[in-house]
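Student: Take this structure, written in structure tokens, and hold onto it; I'll ask about it next.
Bear in mind these aren't lab numbers, they're just calculated from the coordinates by the rules spelled out. Treat the numbers as computed from the prediction; the structure is a model and nothing was measured. Because the Cβ atoms are built from the backbone with ideal geometry, glycine has one as well, and the counts that use them run over all protein chains shown.
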Amino acid sequence: MTLVRAIGALAAVMVVLAVVSIVMQRTSPPPVTQLPHGLTRPALAIEFAELSEVDGFLGKRDSSGDSPMRSFIRKGLYGDYFFIAMYWLLFAGMSALLAVRSHRWAVWAGVVAAACATGAAIFDVVENLSIAALLDASEIQAFMVRNEASAGFGKWLLVSIAVLVLSLVFLRRNWFALLGGLYVLIGILGIYGLLRNPRLVELSFALNFVGVLLVAVIFSVWPHKVLEHH
């Protein structure tokens, strides 16, 4: 019960921080520019942009400092490290919850989910460092874009796999199955989006917020329901 409540509280904090971030972006929106692949989030667009596209929408860095877009993305990086720690803890807690289920496969599923979450967090840190290198560069090189894109690909792939595995936490014969279905959808959209259409990755990111919100409510208000048939 303690683990369930802790996961719920962590998810609630993540929701509050996400709402604060959204409000801040609305009050200080990113510079108006067309992002690659029709994406709306600059920090996500940079992960899928080609060399010419990155150089185009970031703007030049000169002796006067960052361009408006570089400054906007740089500010987001500072808070992102805290968010990485938060989602890693959330996934680790849910992996532990999955591992203690009574099914024989549960332990291995929990280990796989935890390993994917840990790998995703590591890739995310590497990606942020690679983005920072792009922002600091007065002349962007192809290897910088490749490094950042590779780290982003690894992050989203492992996040999507972790979410798919963690959908098993909600394997029930009741309405919990709907939340499990949402997690399956998020994972599938993330993987397919990586291979075909980055806008689906952006959609999976938005649905992840819905998933965390539901976890915050259910795990905090009805923890006993989470443990039923466990």
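Student: So which trypsin sites (Lys or Arg not before Pro) in region 111-199 are both in a DSSP loop and have at most 10 other Cβ atoms within 10 Å of their Cβ?
Tutor: Loop-located and lightly packed - ARG173, ARG196.
Student: What translational D, rounded to a whole number of µm²/s, comes out for region 95-216 from Stokes-Einstein when the hydrodynamic radius is the Kirkwood one over Cα pairs, at 20 °C and 1.002 mPa s?
Tutor: 139
Student: Still on this structure, please answer the following. Only loop residues by DSSP count here, and only those with at most 16 other Cβ atoms within 10 Å; note down the GluC sites (Glu not before Pro) in region 119-183 that meet that.
Tutor: Listed in order of number, the matching sites are GLU139.
Student: Right, here's the next one. What Kirkwood hydrodynamic radius, in Å, does region 2-227 give when the mean of 1/r is taken over all pairs of distinct Cα atoms and then inverted?
Tutor: Roughly 18.4 Å, rounded to one decimal.
Student: Something else about it: Across all directions of projection, what mean area in square nanometres is found for the Cα convex hull of region 1-117?
Tutor: Averaging across all directions leaves 9.7 nm² for the Cα convex hull.
Student: Could you name the lysines whose alpha carbon sits less than 29 Å from that of LYS60, not counting residues in the same chain fewer than 8 places away?
Tutor: Cross-link targets: LYS75, LYS155.
Student: Here's something else I'd like to know. Could you state the per residue volume, in Å³, of the convex hull enclosing the Cα atoms of region 151-230?
Tutor: 81
Student: While we're looking at this one, here's another question. So what is the 222 nm mean residue ellipticity for the chain from helices alone, if each DSSP H run of at least 4 adds -39500 (n - 2.57) and you divide by all residues, rounding to the nearest 500 deg cm²/dmol?
Tutor: So the calculated ellipticity at 222 nm is -26500 deg cm²/dmol.
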